[in-house]
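Novice: Questions regarding the structure given below will be posed in turn.
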Amino acid sequence: MVKKCASRLYMFLIFLFLYLPIIVLIILSFNNSKTRVVWGGFTLDWYKSCFQDEKIMSAFLTTIQITFLSAILSTLIGTLAAIGISAMKKRQQTIYLGATNIPLLNADIVTGISMMLLFVKFMDLGFVTVLVAHITFSIPYVILNVLPKLKACNRSTYEAALDLGASPLYAFYKVTWPEIRPGVFSGFMMAITMSLDDFSITYFTKGPGVNTLSTMLYTELKKGIKPELYALSTILFFAVLFILLLGNVLPQKKAQRALSKQQKDL
Amino acid sequence: MSKHLIDFIDISKSYDGSLVLDELNLYIRENEFLTLLGPSGCGKTTTLRLLGGFETPDQGRILFDGEDITNLPANERKLNTVFQKYSLFPHMSIAENIAFGLKISKKSKAYINDKIKYALKLVNLDGFENRSVDSLSGGQQQRIAIARAIVNEPKVLLLDEPLGALDLKLRQNMQYELMRLKEELGITFVYVTHDQEEALTMSDTIVVMNQGYIQQIGTPEMIYNEPENAFVADFIGHSNIIDGVMLDDRLVEILGVKMPCVDEGFGKNKPVDVVIRPEDVELVDPADGYMEGDVTSLIFKGVHYELDVMANGYEWLVHTTKHVPVGTHVGIRVTPFNIQIMHKPESSDEKAVEIDE
Ligand SMILES: Nc1ncnc2c1ncn2[C@@H]1O[C@H](COP(=O)(O)OP(=O)(O)OP(=O)(O)O)[C@@H](O)[C@H]1O
Ligand SMILES: [Mg+2]
């Protein structure tokens, strides 16, 4: 009994430390007072003015565009890459996987600076360079999500489809795709969160004029803290939370449904 | 049973520089039940995959009905495969699995439904249409894989150890089912197994392979009774394989004893391999035998006892229905007809014949 209470308490403390800063942020975003130390009553004003702020809204729009475009393109490229890698021989596979994983391990700031150096050589920094950068760093996450699915779905089902007269494309669409779809989906979700999350790489590749929410927040914070930014951060937090839940809960629900369907059949 | 349906001509195949098949030549006749038999890794699956179109040979040609199909893609070949690994589509129901090939060949809905019912009945799984793949046992999955292949009415069905994962009882049932299916459908079966009993039971023709070389092609009786070399003899059933010298026509010397036999034409004083099946070794009074020995072990095997008899420095494997206790002093006799003489391997590409112990 005591042990159980202690372990509960321990858990509670850990989560408290993890989430306390965010909870403070969320509370402050509803605080009707300009100072951080006084509670001036509940208000939604900061949210209202946040949505009326032109700078914030344009950054918001850019973020949405970058996030979705980069997620879609990196999912496409990453999935094709995973298919290619899975068809390679063992040794080649290790080499290529190692190569794609290096950007994951690399410090963001190094990736950001090196991309900037590369981009300024060929084009002006701006929307396109940020997009390309986001696609680049998202691809490894997609590969990491798709590749295990490809490995789990054994090659013989694909060959069986060919054997039954399916063309390679039809066989892929009918047999391989349904099995890797959850991986592609979670890779897509991962790409979205990574893109939303990124600050350093965007900061170095964005050039003047273009701002995503995170870089905009950074520049605004340098000028002084506005309560609108609390509201914005809260929205961002919940957006990411929602996407993560979507990515984690949906596949599980599906699996559960499949399971219960099977039990009904038996 | 006369026309060649499939011809392998000088087929060679290597993976990463190691030779798996070396100038394989083989023909398969229409309506034949042909079995590729050999130990693990001898190239059976590779041979089947070449025929199915999943691998291309490094050298040589494959003919189907006289037509060169060496480079024809798998989906355009008129044959279907039951794979060694389970290969049902996990996200489709059983009915959808079976209908897969029929949908591609654009058959009508009514035709497809009829075929599904018919195929399920054929493999004794009526009413399984809406079950999911995961809810089936290994044996049931393999039967569905067979059903999925035969609904397309292929000219040839390729089966790669389809019964490998099943228990003995179910395997025997399925062997019978497969033979019945072949009779009913009248299609050519190319069957792969490493189980010699299965091969002997089911086949019209057995191809014994080892390390990428064909060791012998023949009917089950020929393979069993007249193995062409020591490898075949050993692989087909545990045998007494003894070094001997062919002294003259119809006279062989083994373990220092001269024995009459029925083989001729080996020449004089030629070293040979002598094969004597355990059930052909007769235990007699010590005085009446070619040689004397002592029983060193006795195991009850159900239909017979399996004995080891140490005589003239060789441990004979003997099957008998009599109970002969360990330590009994016995004599060994063999009827001349039951002594099988085989050439020793000579050239280097015959060394695959050697038995790895
Ligand atoms: N894709 C491959 N890449 C490399 N080597 C392979 C490949 N496929 C088969 N081999 C090798 O070729 C040889 C023959 O393999 P094969 O699968 O034809 O054997 P098998 O007779 O079917 O054996 P089993 O009874 O174990 O299925 C083996 O040594 C195997 O390791
Ligand atoms: Mg095999």
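Novice: Does B:VAL232 fit the bill of being of a type in the set (A, V, I, L, M, F, W, C) and either over 24 Å from the mean Cα position of the chain (by Cα) or in a loop (DSSP other than H, G, I, E, B) (or both)?
Specialist: no
Novice: Could you please find all residues in region B:168-189 being out of contact with any Asp or Glu (no Cβ under 8 Å at 6 or more places or on another chain) and hydroxyl-bearing (Ser, Thr, Tyr)?
Specialist: Once the filter is applied, which keeps residues that are out of contact with any Asp or Glu (no Cβ under 8 Å at 6 or more places or on another chain) and hydroxyl-bearing (Ser, Thr, Tyr), region B:168-189 yields only B:TYR176.
Novice: For region B:46-69, does any single residue satisfy the condition of being in a helix (DSSP H, G or I), among the charged types (D, E, K, R) and within 16 Å of ligand 1 (Cβ to nearest atom)? Lay out the reasoning, then the answer.
Specialist: Taking region B:46-69 first, the residues in a helix (DSSP H, G or I) are B:46-52.
When the remaining residues are screened for being among the charged types (D, E, K, R), the result is B:49.
Then keep just the ones that are within 16 Å of ligand 1 (Cβ to nearest atom); that gives B:49.
The answer is yes; a qualifying residue exists.
Novice: Moving to a separate point now. For region A:152-162, enumerate the residues that are of a type outside the set (Lys, Arg), more than 7 Å from every other protein chain (Cβ to nearest Cβ) and within 30 Å of the chain's Cα centre (by Cα).
Specialist: A:ALA152, A:CYS153
Novice: For region B:134-172, which positions are more than 10 Å from every other protein chain (Cβ to nearest Cβ), farther than 23 Å from B:LEU185 by Cα and surrounded by fewer than 16 Cβ atoms within 10 Å (Cβ to Cβ)?
Specialist: Selection gives B:SER137, B:GLY138, B:ASP167, B:LEU168, B:LYS169.
Novice: Please verify whether region A:105-115 includes one or more residues that are in contact (Cβ under 8 Å) with a residue 12 or more places away in the chain, loosely packed, with under 14 Cβ neighbours inside 10 Å, more than 19 Å from A:MET190 (Cβ to Cβ) and among the hydrophobic types (A, V, I, L, M, F, W, C).
Specialist: Looking for residues that are in contact (Cβ under 8 Å) with a residue 12 or more places away in the chain, loosely packed, with under 14 Cβ neighbours inside 10 Å, more than 19 Å from A:MET190 (Cβ to Cβ) and among the hydrophobic types (A, V, I, L, M, F, W, C), one finds at least one in region A:105-115, hence yes.
Novice: What number goes with the only condition from (1) open to solvent by less than 30 Å² (accessible area, probe 1.4 Å); (2) within 16 Å of ligand 1 (Cβ to nearest atom) that B:SER40 does not pass?
Specialist: (1)
Novice: Sort through B:ASP16, B:ASP22 and tell me the only one that's surrounded by fewer than 16 Cβ atoms within 10 Å (Cβ to Cβ), of a type in the set (Asp, Glu) and either more than 13 Å from B:VAL156 (Cβ to Cβ) or within 16 Å of ligand 2 (Cβ to nearest atom) (or both).
Specialist: B:ASP16
Novice: Pairs please, first residue from region A:163-182 and at the interface with chain B (Cβ under 10 Å from one of its Cβ atoms), second anywhere and loosely packed, with under 15 Cβ neighbours inside 10 Å and assigned to a loop (DSSP other than H, G, I, E, B), Cβ atoms under 7 Å, 6+ apart in sequence or on different chains.
Specialist: A:GLY165/B:SER105
Novice: Assess whether B:GLY52 counts as being in contact with a strand residue (DSSP E or B) (Cβ under 8 Å, 6 or more places away or on another chain), within 14 Å of chain A (Cβ to nearest Cβ) and either within 16 Å of ligand 2 (Cβ to nearest atom) or β-branched (Val, Ile, Thr) (or both).
Specialist: Yes: the conditions hold for B:GLY52.
Novice: Kindly indicate the residue of region B:173-200 that is within 15 Å of ligand 1 (Cβ to nearest atom) and among the hydrophobic types (A, V, I, L, M, F, W, C) and also modelled with the lowest pLDDT among those meeting that condition.
Specialist: Only one residue tops the list, namely B:ALA199.
Novice: Can you name the strands (runs of 3 or more DSSP E) wholly within region B:177-224 that have at least 2 residues being in contact with a strand residue (DSSP E or B) (Cβ under 7 Å, 6 or more places away or on another chain), over 14 Å from B:PRO162 (Cα atoms) and open to solvent by 30 Å² or more (accessible area, probe 1.4 Å)?
Specialist: B:213-218
The values are calculated or read from the model by the stated rules, or taken from the named source; none is laboratory data. What you see is a predicted model, and the numbers here were worked out from it, not measured in a lab. As a convention, Cβ positions derive from the backbone with ideal geometry for all residues, glycine included, and neighbour counts pool all protein chains shown. Ligands, DNA and RNA are excluded from the accessible area calculation, which covers all protein heavy atoms including side chains. Shrake-Rupley method; radii C 1.70, N 1.55, O 1.52, S 1.80 Å.
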